[in-house]
């Protein structure tokens, strides 16, 4: 339908698909019940009037609310930052601390899809035989199981089909139990996390699928999940912990902007909601921050290229020297330092600040673990 509209043509579709074809506004849609109607229409014997949609029904089903997550103020802060700048996020902590619950709240914090984005999402869902109208115009939230194969995650097959990262286009890809995924499968994510698309090459075919998704991942600190827990239940050996963490490569972790440890909290079973601790308030802050970014540079902070980074994330000389010293102490790569600057820019946008201050850099550093700390934790 989108291709026909672009070519200035009309389209004949089964009646059951007419409403979906009308998502491409301005397109002449002819709805038929069988092929004899098509023949009669084309011969001019029984012309069929263009299908008139009753109007697209926008889903009023609300996203899960952030207020349903008890406590975890630091994790909610990280989630707000991730939404405001389209940053990738990794939660680490023992089972039952709310990592999955937090991740499922991210789509509700993101700005609504534009018409162009919503049509792209609907087209992808239509290609894989999903029902776009049943999700219109919600952002995708994909949660593949950790047993998913490479083709299931990134796409492929003898006739290349989109994978989970394409189905998460303009939405959220949530990978729970991250180290349980096959390492080779995770490594394939590195390129689309940077480029926003995935190229599938076959002997007779080469296809490029869009994959501009936001990655949210969750993991346990060790195989049993209780390393560092006050209950002292962990019995994992240093070798087991190291082997568990080695499933995640440094280059992949470098591409995740925010790393946060989610600790177990003892809270009331039915605590009173905190002021502003809900999706509507948080999404308003996100919308304001995103609007500043699009007016300034035309994209979210996470998608800034190197020239844009130099232009919009410039620091004062003292702050630049301070950051360089901090990156050296933490043994951060240049990519990690650039992503840290993008997070600092997002923190400034949330405060409506025109320039990045040291307090923004300091907070961004809290979400960026050093390379050596990961080894130290494994040897603890």
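Brief remarks on what is shown
- Take each peptide in 1-12, 89-100, count the other Cβ atoms within 10 Å of every residue, and average; sorted highest first, the result is 89-100, 1-12.
- Reduced Cα scattering model of region 155-313, Debye log10 I(q)/I(0), q = 0.14, 0.16, 0.19 Å⁻¹: -1.00, -1.15, -1.27
- Viscosity 0.692 mPa s, 37 °C: Kirkwood-radius Stokes-Einstein D of region 1-137 over Cα pairs, µm²/s: 180 µm²/s
- The largest-to-smallest principal axis extents of the Cα set in region 2-42 are 27, 19, 12 Å.
- Calculated P(r) tail over 15 Å for region 296-374, as whole % of Cα pairs: 52 percent
- Acute angle (nearest 10 degrees) that the helix 317-329 long axis makes with the longest principal axis of the chain, alpha-carbon atoms: 80 degrees
- Per-residue [θ]222 nm for the chain (sum of -39500 (n - 2.57) over DSSP H runs n ≥ 4, rounded to 500): -12000 deg cm²/dmol
- Packing-based order for 307-319, 141-153, using average beta carbon neighbours within 10 Å, highest first: 141-153, 307-319
- Dimensions of the chain from C-alpha coordinates, computed as largest minus smallest value along each principal axis and given longest first, are 81, 50, 46 Å.
- Over region 2-42, relative contact order from alpha-carbon pairs under 8 Å, at least 6 apart, %: 40 percent
- Descending semi-axes in Å of region 123-170, equivalent ellipsoid built from Cα gyration tensor: 19, 13, 8
- Solvent-free Debye scattering, log10 I(q)/I(0), computed from the Cα coordinates of region 66-261 at q = 0.09, 0.11, 0.19 Å⁻¹: -0.35, -0.52, -1.38
- Per-peptide average of other Cβ atoms within 10 Å, ordering 161-174, 285-298, 41-54 highest first: 161-174, 285-298, 41-54
- Cα-based radius of gyration of region 67-178 once divided by 2.2 N^0.38 Å, which approximates compact folds: 1.15
No value in this document is a laboratory result; all are computed from the given coordinates. A quick note: this is a predicted structure, and the numbers were derived from the prediction, not measured. Backbone-built Cβ (ideal geometry, glycine too); neighbour counts: all protein chains shown.
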